[in-house]
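Single-structure report; data block below.
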Amino acid sequence: MPKIYFIDVTNRDGVQTAKIGLSKLEKTMINIYLDEMGIFQSEFGFPTTKHESNYLQANLELAEMGVIKNIRLEGWIRAIVADVETAFRLVHSIKHLNLSISTSEQMIQGKFQGRKNREDIINDMIQAVDAAWAHGVKTIGVNAEDASRTELDYLIRFGLAAKEHGANRLRYCDTLGYDNPFTIYETARALAEEVKLPIELHCHGDLGMAVATSLAGAKGAIDGGQDAYINTTINGIGERAGNADLVATMLAVTKSKGFAEKYKLGGTVDLSKAWEIAKYTSYSFDVPIPINQPGVGGNVFAHESGIHADGVLKDPENYELYGFEELGRGEPELVDTGREISAGEYSGISGFSHVMGQMAVSFSSKEEAQEVLELVRYANVQAHKPLVEDELLFIAKYPEIAKKLLTLVPLA
Ligand SMILES: [Zn+2]
């Protein structure tokens, strides 16, 4: 029986969201948390974008060092040969790629304005796939942008061409969130049956259905005999109305009525990291978690009205589908209400040593402490807010990697 896997795209779709962003250290921490959570793959960035190069290389190094253990780190580029060449020039050790190109008539006409027709699109894609193999890539996903507004026959032809050139997966992009669960089920199933490649579901929330369409699409792929790879972002942060939220989708797959009896996750996913990753990402993006967000919202386990409070006290299952402990919630959070010393871009050694000492970190010499402080200052310049404990520990533990992450050299 085919299985469901998660590919998180926070570090690609999430960061390309208007008005918000992440520092390279924050993107790195997210890869580490996703790895700890058991997520199959992180779409960790843009290999053709110069300011990403150091970050991408550094994360591939973290994977080699075993700091990032199991998660696959994959880069997103356009499905054209020029992008493949640039990607390998800037990030020579990249091993996993998703190649993306628009397939709908709307976008072929609207974006290329007569410069490309459908056959050109397929040709560009297969040439890019061939070029990526020639550079020694290990896996390739091919993305059909705006697939939900693409004619099915053409989409099948596109998928078959990708398969013929060795692509490992076909990404069905519901780029505008146009699908509903019924339509995406039919299309994903047809693609799985006809193309016979694992299907990625990339769903957006413009009509408020990203999680539902992800689930229905996964069901379609599996009923069609293929593995399903659901694309998510943490807290649903993504272009416009966002993407399928990671935690909500995990809950939907594992807890919704009868679904998990037939449709199973590949590998082990640790839901108990949900709270930590959602909180961290909210802090990093500086976007609060809505009180009613599935699993991690402030009100998800709050009960006030008489009948509900009485019911949940008698038996939580009266009014709760899942327990807060499963999501890693329940620990009291300590907030300093007195004197606070934080480490920032203008910190000195005394305050910094105090902060690190509170986390039981000691340095072998004054020089070492000074060096780590210098990196922490730089990290603050990029993040514009106090670093969290895990970030400080990361810098203290891997100063060389941190240095790489923090090095931005424009126009080099
Ligand atoms: Zn997207």
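The values are calculated or read from the model by the stated rules, or taken from the named source; none is laboratory data. Model, not experiment: these values are computed from the prediction. Neighbour counts run over all protein chains shown; Cβ positions are idealised from the backbone, glycine included. For the accessible areas, the whole protein counts, side chains as well, though only heavy atoms, and no ligand, DNA or RNA atoms are used. Shrake-Rupley method; radii C 1.70, N 1.55, O 1.52, S 1.80 Å.
Observations, loosely collected:
- Residue in region 281-302 that is more than 29 Å from residue 31 (Cα to Cα), without any contact (Cβ under 8 Å) to a residue 24 or more places away in the chain and part of a loop (DSSP other than H, G, I, E, B) present: yes
- The conditions of being in contact (Cβ under 8 Å) with a residue 40 or more places away in the chain, over 13 Å from the mean Cα position of the chain (by Cα) and more than 14 Å from the ligand (Cβ to nearest atom) are not met by residue 216.
- Restricting 225, 295, 267, 258 to those that are of a type outside the set (A, V, I, L, M), more than 16 Å from the ligand (Cβ to nearest atom) and modelled with pLDDT under 95 reduces the list to 267.
- Pairs where the first residue, in region 1-26, is under 23 Å from residue 217 (Cα atoms) and the second is open to solvent by 20 Å² or more (accessible area, probe 1.4 Å) and within 15 Å of the ligand (Cβ to nearest atom), C-beta under 7 Å, 6+ apart: 5/229; 7/229; 10/237; 12/46; 12/76; 13/239; 14/237
- Residue in region 195-209 that is more than 14 Å from the ligand (Cβ to nearest atom), open to solvent by less than 30 Å² (accessible area, probe 1.4 Å), over 21 Å from the mean Cα position of the chain (by Cα) and more than 27 Å from residue 278 (Cα to Cα) present: yes
- Segments classed as helices (runs of 4 or more DSSP H), wholly inside region 345-412, with at least 3 members that are of a type in the set (A, V, I, L, M) and out of contact with any Phe, Trp or Tyr (no Cβ under 7 Å at 6 or more places or on another chain): 349-358, 366-383, 389-397
- Checking each residue in region 1-34 for being over 16 Å from residue 238 (Cβ atoms) and within 13 Å of the ligand (Cβ to nearest atom) picks out no residue at all.
- Residue match in region 312-324 (condition: outside any helix (DSSP H, G or I), under 25 Å from the mean Cα position of the chain (by Cα) and not polar (S, T, N, Q)): yes
- Residues of region 334-350 that turn out to be open to solvent by 60 Å² or more (accessible area, probe 1.4 Å) and more than 28 Å from residue 378 (Cβ to Cβ), as a count: 1
- Residue within region 132-144 that is open to solvent by less than 20 Å² (accessible area, probe 1.4 Å) and in a helix (DSSP H, G or I) present: yes
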